[in-house]
Amino acid sequence: VPMNSLVGNYPIFEGTSLYSLRLDQHISSNHQLTLRGGVSPSTTTGIQVNAQGPQNFGQNAYSRTSRQSYRDLSISAHDTVTIGNNKVNDFLFAYSRRGLLYNFSSGPGGSNVAVNIPGFAFFGREPFSFVNRTEQRYQVSESLSWAKDNHNMKFGVDGNYLPLQADFTVNFGGVYNFGGLDLPGLPTIPGLPNFPGVSPIQAYGLGLPQNFIQGVGNPHDAFTNTPLGGFIQDSWRALPNLTLNYGVRYDVELT
């Protein structure tokens, strides 16, 4: 890869859109239904990553940048029913999903083996790409409010189910690391500038990488998380100028 071919500016793009819709249905005088939906796509390109050691911004070639896109989706249904003149039942169902793709640059050389030359240049595939992750959430909530005498009680339960799966690759494209080699007595090359104490060819490690790193194996993982909870609370007007609020809640998380 000729180093001069990597010099220059490169494009950066970031775009995010938000779309939402809400529908309210008045079924009867004591029954209300609300539906919501939302979609949010986002794409970013030309991301500089500064997580490969002694690397500074501005020394990344376009091939070394990364691109990220996610697609968010959410829908929910909220049903409210009034029972008699002192009870209200609330039921909620919600679903959401996030799909995230973090990938190497689509520019020339973006899929090539990465090369690290600290202090000079970083080009080739971004070592932390690619990452492909999908997270979903299913939520159900049920509660009942009950007003009786001087008490305003409420109790309910809610549950969430979160399946997640991801492919996370690190150095799967390979990385060559170059660095200075201490070779005293090496003559300077005629025609090249002579830096104090080191020749240019020594600074590049004589053109030989100090090491090569490559990740291998199965990058896939998947797991679920299930938070569950229940509560009961009360607002008691004990005296005309004294109201006591108290309650208890229990949560458990199954991972």
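Taken along its principal axes, the alpha carbon cloud of segment 1-137 reaches lengths of 79, 23, 21 Å, longest axis first.
The Cβ shell under 13 Å around V140 holds other residues with a net charge of -3, Lys and Arg each +1, Asp and Glu each -1.
The mean accessible area for residues of the chain, using a 1.4 Å probe and ignoring ligands and nucleic acids, is 62 Å² per residue.
For the chain, would you read off the P(r) tail past 31 Å as a percentage of all alpha carbon pairs? Tail fraction, whole percent: 54. Using a Gaussian network model of the chain in which every pair of alpha carbons under 10 angstrom is joined by a spring, one finds that among P240, P108, P209 the greatest mean-square fluctuation is at P240. Taking 25 °C and 0.890 mPa s as conditions, segment 70-187 diffuses translationally at an estimated 125 µm²/s according to Stokes-Einstein applied to its Kirkwood radius (Cα pairs). For segment 1-156, give the percent of accessible area contributed by carbon and sulfur heavy atoms, probe 1.4 Å, rounded to a whole number. Carbon with sulfur: 55 percent of the solvent-accessible area. Residue-normalised convex hull volume from the C-alpha trace of segment 4-44: 43 Å³ per residue. For F91, the shell of other residues with beta-carbons less than 12 Å away shows a net charge of -4, using +1 for Lys and Arg and -1 for Asp and Glu.
The values are calculated or read from the model by the stated rules, or taken from the named source; none is laboratory data. Bear in mind that the values here come from a model prediction, so they are computed numbers and not experimental data. As a convention, Cβ positions derive from the backbone with ideal geometry for all residues, glycine included, and neighbour counts pool all protein chains shown. Just so you know, the surface numbers come from the protein's heavy atoms only, side chains and all, with ligands and any DNA or RNA stripped out. Shrake-Rupley method; radii C 1.70, N 1.55, O 1.52, S 1.80 Å.
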